[in-house]
Amino acid sequence: MKTGKQDKKENRLLIDVKNIVKRYVTGDVITEALRGVSFKVYNKEFIGLMGPSGSGKSTVLHQLGLLDKPTSGQIIIDGVDVTQLHDIKRSYFRLHKLGYVFQQYRNLPELTALENVYLPARMTGWPRKKYMDQAKMLLEQVGLKERMHHRPYELSGGEQQRIAIARALVNKPDILFADEPTANLDTDSTKVIMDLLKHFNEEFGQTIVMVSHEPEQIKYFDRVVRIKDGLIDLC
Amino acid sequence: MLSLKKIIDGMDIAFFLAMKNLFHNKKMLILIIAIISLGFLSTTFSTSVINGLKYQIEEKAISVMTGNVMIEPKEDEDFIYDVDEIVKKALAIPGVVGVSPHINRGITLVDKYGSKASYQLKIINPEKEAFASAIDNNILSGRYLSKKTTGEIFIGADLTKKYRMQEALPSIDADAGDKITAMFDNGVVKQVKVRGIYGLSFAATDIYAYITKEEAKQVFGMTDEEMDVASEIMIKTRDRGIEEDIIFKLKQFGITGKISSWQEKLGVINQFTDSILIVSKITGLIGIIIAFATIYIMIYINVMNKRSQIGIMKALGITKETILVSYIIQSFCYGIIGGLLGVILTRYVIWHYTINPIVMPIGDVVPLISITSYIYSFIILLLSSLFAGYFASQGVIKENILDAIFKG
């Protein structure tokens, strides 16, 4: 984790999305979820991907997060055309470069909060002390130091989502993707999560791309990319 | 190509996830291990009982019918000659504990009600026979023969109404002490007393009648010199497994004739016991299939229940190979723990039935299993668990990440 207030005016291009199309084929029915989406994300930005339900914003995030492959188009992340990566290289790219926060927390129930957080770091082959220290530091940052040995089902929704954020950040990713991370949370927990994301963005320069459909969250974002009917909404 | 470090890191995570998964649901763990260990027990124990039964049948046949080694006349001769000399040479061979020549004849016994039973008559020296066979240790009624016994006969249980195991053969109503009519195959008919009845609870061994050489001299009018022949010579060894050495040494001593081990002599019985062993192997195979199916089903259910988590792990950057290895490790652990517990259980049950043998119609059967069989069964179980873990999980693990997360 980088430290100190970061300069937000750095203009290094981190993600270049070029005309991505995503089609789903179910029997004879072809659904075009994305119809040529292009946009750029710069280092240290906090981007909001917004749009109505079914507009394709989560689909965009899935493509950027390498959870899915676009039917056509290019996604360049930190100079690498990730659409051309093979399976195992995609795995390692996700592990080292990307962090992902899901709407429904998605922590592993058999692991404690601490284990959930250090799991990706351990996979990278860090020494035990390093991944333990990093995980504990992040749990402290998200306010769960005292609950690090609890299992997810012993924690509230907001706490579980904070574990998920810590887990997504443990490998010091270039980009953190968050797919409606507050959709299942009450107002107080939502504020905690959004403040936390903003904190990581501002304090540590963490680039974040977040899907949201809550207009009141716009204030957190540096920039909003609007998506409608599978296209960038330029209105 | 993955670097060695990445493989090691992947193995570390695979092992970590496997252990977490394994011990997260302790009830499931106990259930799976119980099923596997009981499956191991049922397979190995049934095999051990069948082995014990086979051993028991062979022991009985060896102890009355063939000995460990049997010498028979050359093909073109009716008897073995210079028997005393052969007996001396055979007894000089290390490992030989008894040598008993038999002259085989035929006899029909008639009880007081006129019922008849035909026996193969063996003319023996009872002292030598006692070292080579087990008839003197399995007396159901009366006494064993002594060297000088005359006018008396020692008979197998299976041809007496009172002691027989099966009703298929004609039998006589006689017990020890009863007078019966003996019709020898040379035409001599005389009254003899039943001195004793032996029985080993095995139809194939309990069908002989024995008289002493002293009695034979009277009945068949033979001299001592004429008695120095044999239809067969039964040789008992200290242990099983040294028969070929004994045969080799007998031949080295210049003993001619047909010399066979008990395995060669027990053709029909071997067929029977080999058939039992095939049943045992089929039982073992079924046990392995059950163990395989159990582990497969358990891992498959586990994996299906964790589809979403598998998707998440892949989304975090954990490779599918690592996740697959974690499930293989998990099922391997089921195999190891279940197998070891199975070995302990089997050892205990076999120990119990060694102290308290299983009572069967053929007699007391002690379960027998070799260390090799344990190792073989254990290795097969481990291999089954490896394959079961692989096949049960690989399909789900290959699934698309989003399908796994959102449809799992």
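The values are calculated or read from the model by the stated rules, or taken from the named source; none is laboratory data. Quantities reported herein were computed from a predicted structural model and do not represent experimental measurements. Glycine also receives a Cβ, built like all others from the backbone with ideal geometry; neighbour counts cover every protein chain displayed.
Within segment A:49-66, does at least one residue satisfy the condition of being of a type in the set (D, E, K, R), more than 14 Å from chain B (Cβ to nearest Cβ) and within 22 Å of A:PRO181 (Cα to Cα)? Scanning segment A:49-66, I find at least one residue that is of a type in the set (D, E, K, R), more than 14 Å from chain B (Cβ to nearest Cβ) and within 22 Å of A:PRO181 (Cα to Cα), so the answer is yes.
Considering each residue of segment B:386-408, count those that are within 13 Å of chain A (Cβ to nearest Cβ) and over 15 Å from B:ALA18 (Cα atoms), and give that number. Show your work before the answer.
Kept after step one, since they are within 13 Å of chain A (Cβ to nearest Cβ), are these residues of segment B:386-408: B:397-406, B:408.
Narrowing further to those that are over 15 Å from B:ALA18 (Cα atoms): B:398-406, B:408.
Residues in segment B:386-408 being within 13 Å of chain A (Cβ to nearest Cβ) and over 15 Å from B:ALA18 (Cα atoms): 10 in total.
Name the single residue, out of those in segment B:321-362 being polar (S, T, N, Q) and either under 30 Å from A:VAL117 (Cβ atoms) or within 14 Å of another protein chain (Cβ to nearest Cβ) (or both), that is surrounded by the fewest Cβ atoms within 10 Å (Cβ to Cβ). The selected residue is B:THR322.
Every residue, every condition in (1) closer than 29 Å to B:GLY342 by Cβ; (2) crowded, with 17+ Cβ neighbours inside 10 Å; (3) under 18 Å from the mean Cα position of the chain (by Cα); (4) among the acidic types (Asp, Glu), yes or no:
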{"position": "B:ARG240", "(1), (2), (3), (4)": "yes, no, yes, no"}
{"position": "B:ILE246", "(1), (2), (3), (4)": "no, yes, no, no"}
{"position": "B:LYS251", "(1), (2), (3), (4)": "no, no, no, no"}
{"position": "B:GLY254", "(1), (2), (3), (4)": "no, no, no, no"}
{"position": "B:TRP262", "(1), (2), (3), (4)": "no, yes, yes, no"}
{"position": "B:LEU266", "(1), (2), (3), (4)": "no, yes, yes, no"}
{"position": "B:THR273", "(1), (2), (3), (4)": "yes, yes, yes, no"}
{"position": "B:GLY287", "(1), (2), (3), (4)": "yes, yes, no, no"}
{"position": "B:ALA293", "(1), (2), (3), (4)": "yes, no, no, no"}
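Only one of the listed residues (B:THR283, B:THR256, B:THR273, B:THR322) is within 30 Å of B:LYS20 (Cα to Cα) and either at pLDDT 90 or above or out of contact with any Cys (no Cβ under 9 Å at 6 or more places or on another chain) (or both). That residue is B:THR322. Do we have B:TYR208 as closer than 13 Å to B:ILE103 by Cβ, surrounded by 20 or more Cβ atoms within 10 Å (Cβ to Cβ) and of a type outside the set (Val, Ile, Thr) here? So B:TYR208 fits the description; yes. Here B:GLU167, B:GLU214, B:GLU152 are screened, and the one residue that is charged (D, E, K, R) and at pLDDT 95 or above is B:GLU152.
Looking across B:ILE7, B:ILE71, B:ILE93, B:ILE35, one residue alone is away from chain A (no Cβ under 11 Å) and either closer than 25 Å to B:ILE358 by Cα or assigned to a helix (DSSP H, G or I) (or both). It is B:ILE35. Answer yes or no: is there a residue in segment B:53-67 that is more than 14 Å from every other protein chain (Cβ to nearest Cβ), under 23 Å from the mean Cα position of the chain (by Cα), assigned to a helix (DSSP H, G or I) and of a type in the set (Lys, Arg). Checking segment B:53-67: at least one residue is more than 14 Å from every other protein chain (Cβ to nearest Cβ), under 23 Å from the mean Cα position of the chain (by Cα), assigned to a helix (DSSP H, G or I) and of a type in the set (Lys, Arg).
Name the residue, out of B:LYS306, B:LYS258, that is among the charged types (D, E, K, R) and closer than 30 Å to B:VAL83 by Cα. Working first, answer last.
On the way: B:LYS306 fails: closer than 30 Å to B:VAL83 by Cα.
Only one candidate qualifies: B:LYS258.
Every residue, every condition in (1) outside any helix (DSSP H, G or I); (2) over 20 Å from A:SER53 (Cα atoms); (3) over 17 Å from the mean Cα position of the chain (by Cα), yes or no:
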site	(1), (2), (3)
A:ILE193	no, yes, no
A:LEU197	no, yes, no
A:PHE200	no, yes, no
A:GLN217	no, no, no
A:VAL224	yes, no, no
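Filtering segment B:74-88 to residues that are surrounded by 18 or more Cβ atoms within 10 Å (Cβ to Cβ) and more than 15 Å from B:GLU226 (Cβ to Cβ) leaves B:ILE86, B:VAL87. Filtered by the rule that a residue be surrounded by fewer than 21 Cβ atoms within 10 Å (Cβ to Cβ), in contact with a strand residue (DSSP E or B) (Cβ under 8 Å, 6 or more places away or on another chain) and not basic (Lys, Arg), segment B:99-124 gives B:ASN104, B:GLY106, B:THR108, B:VAL110, B:ASP111, B:SER115, B:SER118, B:GLN120.
Residues that are surrounded by 17 or more Cβ atoms within 10 Å (Cβ to Cβ) and touching a His at 6+ places or on another chain (Cβ under 9 Å) number at least 1 in the following strands (runs of 3 or more DSSP E) confined to segment A:1-120: A:13-26, A:46-50.
Pairs meeting the criteria (first residue in segment B:301-320 and over 22 Å from A:ILE163 (Cα atoms) and facing chain A (nearest Cβ under 8 Å), second residue modelled with pLDDT of 90 or more and assigned to a helix (DSSP H, G or I), beta carbons under 7 Å, at least 6 apart or on different chains) are B:LYS320/B:LYS314. Checked against (1) under 18 Å from the mean Cα position of the chain (by Cα); (2) touching a residue at least 24 places away in the same chain (Cβ under 8 Å); (3) within 12 Å of another protein chain (Cβ to nearest Cβ), A:LYS69 meets all criteria but (2).
Being polar (S, T, N, Q), surrounded by fewer than 23 Cβ atoms within 10 Å (Cβ to Cβ) and touching a residue at least 24 places away in the same chain (Cβ under 8 Å) is the filter here, so list the residues in segment A:172-189 that pass it. Show your work before the answer.
Residues of segment A:172-189 polar (S, T, N, Q): A:182, A:184, A:187, A:189.
Cutting the leftovers down to surrounded by fewer than 23 Cβ atoms within 10 Å (Cβ to Cβ) gives us A:184, A:187, A:189.
Matches in segment A:172-189: A:ASN184, A:SER189.
Checked against the criteria, A:LYS129 does not count as assigned to a loop (DSSP other than H, G, I, E, B) and more than 11 Å from every other protein chain (Cβ to nearest Cβ).
If you take the residues of segment B:20-32 that are at the interface with chain A (Cβ under 10 Å from one of its Cβ atoms) and under 41 Å from the mean Cα position of the chain (by Cα), which of them is surrounded by the fewest Cβ atoms within 10 Å (Cβ to Cβ)?
The first filter runs over segment B:20-32 and keeps only residues at the interface with chain A (Cβ under 10 Å from one of its Cβ atoms), leaving B:20-25.
Narrowing the set further to residues that are under 41 Å from the mean Cα position of the chain (by Cα) leaves B:22-23.
Numbers: B:LEU22: 21, B:PHE23: 11.
Ranking the candidates gives B:PHE23 first.
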